[in-house]
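**Student:** Quick one: structure below, then a few questions.
The values are calculated or read from the model by the stated rules, or taken from the named source; none is laboratory data. None of the values given here were measured: they were computed from a predicted structure. In this analysis, Cβ positions are derived from the backbone assuming ideal geometry, glycine residues included, and neighbour counts consider all displayed protein chains. The area values use the complete protein model at the heavy-atom level, side chains included, leaving out ligands, DNA and RNA. Shrake-Rupley method; radii C 1.70, N 1.55, O 1.52, S 1.80 Å.
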Amino acid sequence: MKTEFFELSGDGRAEKINKAAQVIRGGGLVAFPTETVYGLGANGFDEKAVLSIFEAKGRPHDNPLIMHVADLDTAARLGYLNEPFYKLAAAYWPGPLTIIVKKRPVVNDIVTCGLDSVAIRMPSNEYASELIAAAGVPIAAPSANRSGKPSPVTARHVLEDMDGRIDMILDGGACDVGVESTVVTVCGETPTVLRPGGITPEQIKEALGSVALDKAVTQMLPEGEKPLAPGMKYKHYSPDCRVVIVEGAGAKEYIKARLAEDGRACALCFNGEEGLFARAIPYGEEGDGVSLAHGVFAAMREADGAGISTLFVRCPPKEGVGIAVYNRLFRAAAGNVVTVDR
Ligand code: AMP
Ligand code: MG
């Protein structure tokens, strides 16, 4: 299959978006920019098209997709919306927040992988909302990477993974947030964050009064235990090398020593620390979750295929947007965290 590539910032934006919308309506696959990461979209009401998303990504069939909408009416067609849903939507939509509610029968089991709930998001990226509106259907979309690889935050990343496998890529520049949306379920008694992202647990608490954090966010679950978000059980987002998170006051010295022993090891460090290590990829400003979220996937992609044995990671802050960065790195490291106190 030939993959068409359209740059959206130049002339003919409306035409390009309309072409992409036609591809979606015709059952094809279009990668498109959002404020979180690039998505791989199909008509959410077209069973065959949705199945082809799983094929193109190599995505396991028990990992459900998010339905992307451009208005609340479409959300109401997909799920039974409750009071916490409306509060969250009023506070943070359009934006990097996915809300899980009980699903209506119209939503195909292929999208939800047989669950009785559906994940819905209204993106704030202008290109994304124009595409969804032009398509006139909800767009089912996971991140536009091959399954298990770091999520794409530029159209070039999408091309690396998906050239020849999908119909079209829309290039809308680099993504703002840089990590996937926050996933929160409002199906149960207490609203629970299943995956942290650009909207922080603190912000959800502000809107709803209470919030819980699913333990799969910061821990590896014991063998056989199922996380509430099926996607959280997979080793994820990772480059093709061993990844180790190093935390504690002695982290810098520890990483320096490991790199001195192993010429193929590399540090994933904070901006300005490159000179400390024999080999280093910086991923953002120390202590700044927003900056680290913006840089983490591009840095992991840089590490991928670079002949690195072990990537030693400086630990992001575990609060605010930093918890989302920690979660992605923790999964890339398959739970491998070393604490080095002086
Ligand atoms: P992705 O589209 O790759 O960013 O992943 C979407 C995330 O949302 C995955 O972790 C899914 O397992 C999760 N998810 C989607 N739908 C549901 C649902 N109905 N219930 C729980 N988690 C869901
Ligand atoms: Mg993904």
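**Student:** For the range 250-263, check the following and say yes or no: at least one residue is open to solvent by 50 Å² or more (accessible area, probe 1.4 Å), within 16 Å of ligand 1 (Cβ to nearest atom) and not aliphatic (A, V, I, L, M).
**Tutor:** Scanning the range 250-263, I find no residue that is open to solvent by 50 Å² or more (accessible area, probe 1.4 Å), within 16 Å of ligand 1 (Cβ to nearest atom) and not aliphatic (A, V, I, L, M), so the answer is no.
**Student:** Same structure again: Which of the residues belonging to the range 280-296 are surrounded by fewer than 16 Cβ atoms within 10 Å (Cβ to Cβ) and under 15 Å from Val246 (Cβ atoms)?
**Tutor:** Answer for the range 280-296, where residues must be surrounded by fewer than 16 Cβ atoms within 10 Å (Cβ to Cβ) and under 15 Å from Val246 (Cβ atoms): just Glu286.
**Student:** Among the residues of the range 140-193, how many are open to solvent by 10 Å² or more (accessible area, probe 1.4 Å) and of a type in the set (Gly, Ala, Ser)?
**Tutor:** 8
**Student:** Tell me, which residue of the range 305-326 that is of a type outside the set (A, V, I, L, M) and in contact with a Lys or Arg (Cβ under 7 Å, 6 or more places away or on another chain) is surrounded by the fewest Cβ atoms within 10 Å (Cβ to Cβ)?
**Tutor:** Gly307
**Student:** How many residues, within the range 207-237, are closer than 24 Å to Gly320 by Cβ and either open to solvent by 70 Å² or more (accessible area, probe 1.4 Å) or within 15 Å of the chain's Cα centre (by Cα) (or both)?
**Tutor:** Of the residues in the range 207-237, 11 are closer than 24 Å to Gly320 by Cβ and either open to solvent by 70 Å² or more (accessible area, probe 1.4 Å) or within 15 Å of the chain's Cα centre (by Cα) (or both).
**Student:** On to the next question. When the residues of the range 7-55 are narrowed to those that are within 19 Å of Ala144 (Cα to Cα) and of a type in the set (Ser, Thr, Tyr), which ends up most open to solvent (accessible area, probe 1.4 Å)?
**Tutor:** If we take residues in the range 7-55 being within 19 Å of Ala144 (Cα to Cα) and of a type in the set (Ser, Thr, Tyr), then Ser52 is most open to solvent (accessible area, probe 1.4 Å).
**Student:** Please work out if Asp240 is surrounded by fewer than 17 Cβ atoms within 10 Å (Cβ to Cβ) and within 27 Å of the chain's Cα centre (by Cα).
**Tutor:** Answer is yes for this residue.
**Student:** Please specify each residue of the range 150-203 satisfying the condition of being more than 14 Å from ligand 1 (Cβ to nearest atom) and basic (Lys, Arg).
**Tutor:** Answer for the range 150-203, where residues must be more than 14 Å from ligand 1 (Cβ to nearest atom) and basic (Lys, Arg): Arg156, Arg165.
**Student:** Of the residues Pro227, Pro239, Pro196, Pro222, which single one is within 16 Å of ligand 2 (Cβ to nearest atom) and more than 20 Å from Ile66 (Cβ to Cβ)?
**Tutor:** Sole residue among the options that is within 16 Å of ligand 2 (Cβ to nearest atom) and more than 20 Å from Ile66 (Cβ to Cβ): Pro239.
**Student:** Could you please give the count of residues in the range 99-111 that are closer than 19 Å to His61 by Cα and surrounded by fewer than 20 Cβ atoms within 10 Å (Cβ to Cβ)?
**Tutor:** The number of residues fulfilling the criteria is 2.
**Student:** Mind checking whether some residue in the range 69-81 is more than 12 Å from ligand 1 (Cβ to nearest atom) and farther than 27 Å from Asn18 by Cβ?
**Tutor:** yes
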